[in-house]
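What follows is a short report on a single structure.
The values are calculated or read from the model by the stated rules, or taken from the named source; none is laboratory data. It should be emphasised that the depicted structure is a prediction, and the values quoted were computed from it without experimental measurement. Reconstructed Cβ throughout: ideal geometry from the backbone, glycine too, with neighbour counts over all protein chains shown.
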Amino acid sequence: MENCTLAGGIVEGDSPTHLAAVYPIVEIFNSVQGEGYHAGVSTIFIRFGQCNLACEWCDTDFSKWTEMTVIDILGIIAKFSAKNVVLTGGEPMLQDLWPLVNCLRKRGKKIAIESNGSIEIPEGLIDWVCISPKDQMYPQVTIKQRKGDELKVVYVGQDLSLYDELKQGFTHHFIQPCYFENQSVEWNGSNFQATEKLVKENPQWRLSLQTHKWMGVD
C-alpha cells in the first residue's frame, strides 16, 4: 500500500474507515503562522473547500478543491517537520473532522482550528480553538461556538461592544485590521491606524497583523 507508506505507515489504532475518509482540500502547506496568538510558529495549514459565508475580504477561493482521502493528506503532511496543524478554510466545521483529527493525533500533531463560529465544535475535537466571528458582516448569523482559546475579530469599523458577551468565553482577544485588496492604499492605511488606536483605548484586546503577507509567504 504505497499511500500508507507515504503517510508514514500504518500507526497502531488507525481505523481503515478513518484513513479512507474524503475531504474537500484547497491546499496543504507548511508556513510560519502569520497572525494571532501563535504568530511566528512553524505550522502546517490544511485549507478546506466550502464555506457557509462569503466575506468580501476572504483570500481563499473555497469553491474549488480536490477531494483527498486522509491517507492522501497524511502523505503530504509527512513531508513537513512542524507539529502544529491548523484546520482552516473556507469553514472547516462543515466537515466531519474526527477521522482526520484522530489520525493526525496518532502522529503526534497538535490540532488548531480557525472557524467563523457558526457551527459548534464538539468537545475534545480540537486542541486550540480560534474563532473569528463574521457577525459584523452577517448580523443574522448566530455564533454557536461561544468558548475557546482565541477570539480574533476582523475590524471593519464595527463597535467592539458587539463582542462584550462573546469574549467572556475566550482566553485571548485579538483585533485584526481588515485588508481589502480591492481597496486603496489610503483606505487600508486608515483602517490600520484606526485599529491601532482602538487597541490603545481597549487594552484588554491585542493587535493581530497578517505578517505573512508582509513577508510575501502563504
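Residue pairs whose Cβ atoms lie under 7 Å apart, sitting 6 or more positions apart in sequence or on different chains, and linking a residue in the stretch 124-148 that is in contact (Cβ under 8 Å) with a residue 60 or more places away in the chain and crowded, with 17+ Cβ neighbours inside 10 Å to a partner that is of a type in the set (S, T, N, Q) and part of a loop (DSSP other than H, G, I, E, B), are Lys134/Asn116. Pairs meeting the criteria (first residue in the stretch 189-218 and within 10 Å of Gln176 (Cβ to Cβ) and polar (S, T, N, Q), second residue surrounded by 12 or more Cβ atoms within 10 Å (Cβ to Cβ) and at pLDDT below 65, beta carbons under 6 Å, at least 6 apart or on different chains) are lacking. Selection within the stretch 59-93: residues that are among the charged types (D, E, K, R) and under 18 Å from Thr43 (Cα atoms). The member of this set that is surrounded by the fewest Cβ atoms within 10 Å (Cβ to Cβ) is Lys79.
Scanning the stretch 32-46 turns up one or more residues that are more than 21 Å from Gln145 (Cα to Cα), buried (at least 17 other Cβ atoms within 10 Å of the Cβ), in contact with a His (Cβ under 7 Å, 6 or more places away or on another chain) and not acidic (Asp, Glu). Look at the stretch 106-118: where a residue is in contact (Cβ under 8 Å) with a residue 40 or more places away in the chain and a partner is aromatic (Phe, Trp, Tyr) and surrounded by fewer than 20 Cβ atoms within 10 Å (Cβ to Cβ), sitting 6+ places away or on another chain with Cβ atoms under 6 Å, you get Ala112/Trp128. Counting only residues that are assigned to a loop (DSSP other than H, G, I, E, B) and at pLDDT 80 or above, the stretch 149-197 holds 6 of them.
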